[in-house]
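The values are calculated or read from the model by the stated rules, or taken from the named source; none is laboratory data. Nothing here was measured: the structure is a model prediction, and the numbers come from that model. Surface areas here come from the heavy atoms of the whole protein model, side chains and all, with no ligands, DNA or RNA. Shrake-Rupley method; radii C 1.70, N 1.55, O 1.52, S 1.80 Å.
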Amino acid sequence: MNIIQGLWQRLRQADYTWAWLLIVLGAGLFCLREHLRYADHRREAALRQIEHEKRRNTIQVVDRSQSPAKGAGWKTDAQRKASWDEVWEGQWVRWTGTVVQVSGRATAGDPYTVYMRCSPTTSLSDTRFEVDRATALSLSKGETITVEGTLADHGVFGYKLDNAHVSRAGRREASP
């Protein structure tokens, strides 16, 4: 009888060891699943925020806050700079405008700069951003394009966008 009881006790201890191992493994898998769910949720929330910023941050809204000639004339330079730093820098935008100029070096790998006019009240360009060579060479003066990117800088030469992505609207401005 002692042999059977001893075997039974060893079997029970082994079962508990496996049970604990399965419990720990199950808990680990549960935590991993929840972590991945939370990461997906954060990623989806960030994408929703970017889309919200792109819809909200039209050039007219940014101009009213930053351009002395277009609504922010009552602000001092320091107030406009503080507003830029606190509100606008790093915000995503989706702006449509007309290509004014594309410039850059012919050296392979160097970025090209696209200058475009987004605001109808601007005579020259009000937005600039860098693109790769293939994109730069495919753009034409007067072509209407849509650009998405983050606001990086502003000043006398307009707004500078980082992380720019160009899509075409397919229209051309009439030549004067």
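Structural remarks
- Sorting Leu32, Leu161, Leu124 by solvent-accessible area of protein heavy atoms yields Leu124, Leu32, Leu161, largest first, with a 1.4 Å probe.
- With N the number of residues in region 39-132, Rg(Cα) / (2.2 N^0.38 Å) evaluates to 1.30.
- Each of Lys141, Lys81, Lys75 has its accessible area taken with a 1.4 Å probe; listed largest first, they run Lys141, Lys81, Lys75.
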